[in-house]
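The values are calculated or read from the model by the stated rules, or taken from the named source; none is laboratory data. From a predicted model like this one, the values you see are computed outputs, not experimental measurements. Glycine gets a Cβ as well: all are built from the backbone with ideal geometry, and neighbour counts include every protein chain shown.
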């Protein structure tokens, strides 16, 4: 769908009322909703319903897609772009949800999540719930995979999403590059904040940093303030301050 038509379509969806039956799942599963101001809460609900109605949700291995699944997975995605916009998900077409960890032909062992180049995110439902149930352990599979989608929004999985301003790219490259290399070298400061999975490549580093930014913000701000600032400037959130 081309840009102007997509904008009109989203505007039409936004005017539809939010389904009241979705609120129960939100209140039960999505704790960060309670921290939002009334204005941000309304923006969140508007973006959430558009996201859910736009994307195709598919169950795998007998898993049944319910409203709860759509709402919870959608909330994890929308949290990342609440201060950005839904255009970061324009390339995302479908979300496949498994009832447990799954296997992919190109990988060895079980997988909890995967983001594909062609606009597909694959998630394990128990992993999605685990990320929400323990919001301070630094691990959130859904946030990790949707961060990959944001990264891919500019055309490549390279650890650099579409930033707000052209002038931000130099600082982003310097700060992210420094902390990526420090994590690879095993520096204690980074290892206290970031999961070692971020050493694989720049794309995984950004996804891991996203998890820590939302789940361990005070620790990140204290130990790696420059990294925290780049993430804050991109996402628009300041979770260390509770907003």
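Considering 91, 107, 100, the condition of being in contact with a helix residue (DSSP H, G or I) (Cβ under 7 Å, 6 or more places away or on another chain), modelled with pLDDT under 95 and either more than 15 Å from residue 210 (Cα to Cα) or not in a helix (DSSP H, G or I) (or both) is satisfied by 91 alone. Every condition in (1) within 22 Å of residue 150 (Cβ to Cβ); (2) at pLDDT below 95; (3) in contact with a helix residue (DSSP H, G or I) (Cβ under 8 Å, 6 or more places away or on another chain) holds for residue 81 except the one numbered (2). Among the residues of this structure, residue 33 counts as one that is closer than 12 Å to residue 79 by Cβ and crowded, with 16+ Cβ neighbours inside 10 Å. In this structure, is residue 92 under 14 Å from the mean Cα position of the chain (by Cα), under 18 Å from residue 204 (Cβ atoms) and buried (at least 22 other Cβ atoms within 10 Å of the Cβ)? The answer is no for residue 92. Applying the set (1) free of Cβ contacts under 8 Å to residues at least 12 places away in the same chain; (2) loosely packed, with under 14 Cβ neighbours inside 10 Å; (3) part of a helix (DSSP H, G or I) to residue 155 leaves exactly one unmet item: (3).
Yes or no: residue 163 farther than 22 Å from residue 73 by Cα, in contact (Cβ under 8 Å) with a residue 60 or more places away in the chain and either outside any loop (DSSP other than H, G, I, E, B) or under 18 Å from the mean Cα position of the chain (by Cα) (or both)?
Yes.
Contact map, the stretch 28-44: residues that are outside the structural domain of residue 86 (by TED's automatic domain parsing) and closer than 16 Å to residue 140 by Cβ paired with residues that are modelled with pLDDT of 95 or more and part of a helix (DSSP H, G or I), Cβ distance under 9 Å, separation 6+ or inter-chain. No pairs are found.
Output the residues belonging to the stretch 234-243 that are exposed (fewer than 15 other Cβ atoms within 10 Å of the Cβ) and touching a residue at least 60 places away in the same chain (Cβ under 8 Å). The answer is 236, 242, 243. Against the list (1) touching a strand residue (DSSP E or B) at 6+ places or on another chain (Cβ under 7 Å); (2) touching a residue at least 60 places away in the same chain (Cβ under 8 Å), the condition residue 140 fails is (1).
Condition check ((1) surrounded by fewer than 20 Cβ atoms within 10 Å (Cβ to Cβ); (2) assigned to a helix (DSSP H, G or I); (3) in contact (Cβ under 8 Å) with a residue 12 or more places away in the chain; (4) over 19 Å from the mean Cα position of the chain (by Cα)) across all residues:
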| position | (1), (2), (3), (4) |
| --- | --- |
| 135 | yes, no, yes, no |
| 146 | no, yes, yes, no |
| 167 | yes, yes, no, yes |
| 173 | yes, yes, yes, yes |
| 189 | yes, yes, yes, yes |
| 205 | no, yes, yes, no |
| 222 | yes, yes, no, yes |
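Count of the stretch 35-68 residues, restricted to those that are assigned to a strand (DSSP E or B) and touching a helix residue (DSSP H, G or I) at 6+ places or on another chain (Cβ under 7 Å), is 1. Among the residues making up the stretch 110-133, those that are part of a helix (DSSP H, G or I), crowded, with 18+ Cβ neighbours inside 10 Å and in contact (Cβ under 8 Å) with a residue 40 or more places away in the chain are 125, 128, 131, 132.
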